[in-house]
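Below is one structure, written out as structure tokens; comments come after it.
The values are calculated or read from the model by the stated rules, or taken from the named source; none is laboratory data. Everything numeric in this text was worked out from a predicted model, so none of it was measured. For neighbour counting, all protein chains shown are included, and Cβ atoms are generated from backbone atoms with ideal geometry for every residue, glycine included.
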Amino acid sequence: MNKKLFLSLILLFAVTTITFAQTKEELQTQKAEKQAEADKFQSEANALQAQIDALPGWRVGAFGTIGGNLSNFNDWYSQGAPNNITGNIGITFNAYANKIEDKYFWRNSLNTNLAWVKLDNKDTEDDSDNFEPTSDVFNISSLYGRKLNEKWAISGLAEYRTTLLDNFNDPGFLDLGVGATWTPINNLIVVIHPLNYNFVFADNDAAFESSAGAKIVADYTRQIGAINFKSNFSTFQSYKDSDLSNFTWTNSFSYTLWKMIGVGFDFALRSNKQEAANYQAVDLKDADNKLQSYYTVGLSYKF
């Protein structure tokens with residue numbers, strides 16, 4: 001009896017193992033078939049999207065990043081200020097509205113990065129209990145071009161950048177110029193304007209000066225599924241004095257995790273000796289022009 005039972009158990013185990021193996025192989029085969037179908041449909045969807053992107057008309061979009069935290073300490077003696085409230089808030093917003101037609105295009109973009117920080121030591125009245133602005137970036141541009149062919153166009157650009165929270169338009173930089181625009185692929189725009197004037201608006205005439213020069217802009221904006229990405233490099237090279245030249249390189253990335261919410265990362269570099277001289281309260285030639293930078297990490301929202 002025990003021998004028959006033992007043999008039955010072995011047989012049952014063998015049959016179960018074979019059945020499980022067959023079932024696993026069948027499921028893997030089905031998965032591979034479904035994945036092949038999904039890849040095929042995705043490829044077709046990408047091809048249709050490419051056709052849509054090539055059609056004349058408006059293309060609009062926006063995405064942003066929000067990061068922040070708030071802390072409240074009471075009698076936390078292990079730190080220098082045991083009673084304090086700290087916090088920071090950062091907001092980045094990117095938007096574009098592009099009209100693409102057979103014979104011309106009109107591309108408009110907006111980039112802002114605003115941040116506030118708070119450090120309130122509740123044991124003293126000498127510090128501020130308000131959120132104070134730290135990052136303050138505002139940049140808007142408009143590019144119009146008449147197409148010579150699919151890759152090249154005669155174009156005019158207006159670009160304005162300043163701060164919103166502190167010292168609006170002091171300084172403010174306005175570039176107006178004409179030249180050529182190269183569009184090697186759908187998502188990449190390269191502006192080359194040898195005839196450009198950089199208007200500078202500021203109270204400190206010793207540090208800031210307007211001048212003529214060349215304007216070069218390279219912008220790459222793309223959405224791939226749940227990923228939004230934008231990289232913009234803008235530089236002005238003064239014909240009068242290299243100290244009046246400047247550049248700004250901004251990068252924004254967001255990945256949608258659930259519905260319209262995801263994670264975002266923004267990073268930027270800037271070189272502007274006029275801004276350095278104004279901050280250091282020295283003559284332009286004596287300014288220490290260090291490379292400026294900022295980054296923001298936080299939750300993102302796809303508009």
Next on the checklist: Tell me the residue from Ser234, Ser252 that is closer than 20 Å to Phe105 by Cα and touching a Ser or Thr at 6+ places or on another chain (Cβ under 7 Å), please.
Outcome noted: Ser234
Checklist outcome for this item: Taking the range 226-242 and keeping only residues that are modelled with pLDDT under 95 and in contact with a helix residue (DSSP H, G or I) (Cβ under 9 Å, 6 or more places away or on another chain), one is left with Asp241, Ser242
Checklist entry - Tell me, which residue of the range 172-191 that is β-branched (Val, Ile, Thr) and buried (at least 18 other Cβ atoms within 10 Å of the Cβ) is farthest from Asp243 (Cα to Cα)? => result Thr183
Checklist entry - Regarding Leu157, is this residue in contact (Cβ under 8 Å) with a residue 40 or more places away in the chain, in a strand (DSSP E or B), over 24 Å from Asn278 (Cβ atoms) and in the same structural domain as Lys259 (by TED's automatic domain parsing)? => result yes
Checklist outcome for this item: Screening Leu164, Leu143 for residues that are of a type in the set (A, V, I, L, M, F, W, C), under 23 Å from Ala95 (Cα atoms) and not in a loop (DSSP other than H, G, I, E, B) leaves only Leu143
Next on the checklist: For a quick check of your reading: which strands (runs of 3 or more DSSP E) sit entirely within the range 193-303 and have at least 3 residues that are surrounded by fewer than 20 Cβ atoms within 10 Å (Cβ to Cβ) and among the hydroxyl-bearing types (Ser, Thr, Tyr)?
Outcome noted: 227-238, 292-302
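Yes or no, residue by residue, for (1) part of a helix (DSSP H, G or I); (2) aromatic (Phe, Trp, Tyr); (3) modelled with pLDDT of 75 or more:
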position: Leu5; (1), (2), (3): yes, no, no
position: Ile10; (1), (2), (3): yes, no, no
position: Thr23; (1), (2), (3): yes, no, no
position: Lys34; (1), (2), (3): yes, no, yes
position: Asn46; (1), (2), (3): yes, no, no
position: Ala50; (1), (2), (3): yes, no, no
position: Trp58; (1), (2), (3): no, yes, yes
position: Pro82; (1), (2), (3): no, no, yes
Checklist entry - Which one of these does Phe229 not meet: (1) aromatic (Phe, Trp, Tyr); (2) more than 20 Å from the chain's Cα centre (by Cα); (3) over 30 Å from Lys285 (Cα atoms)? => result (2)
Checklist outcome for this item: If we ask which residues in the range 114-140 are over 25 Å from Ile66 (Cα atoms) and either outside any loop (DSSP other than H, G, I, E, B) or not acidic (Asp, Glu) (or both), their number turns out to be 3
Checklist entry - Name the residues in the range 197-212 that are over 12 Å from Asp243 (Cβ atoms) and either without any contact (Cβ under 8 Å) to a residue 40 or more places away in the chain or touching a Lys or Arg at 6+ places or on another chain (Cβ under 7 Å) (or both), would you? => result Tyr197, Phe199, Phe201, Asp203, Asp205, Ser210, Ala212
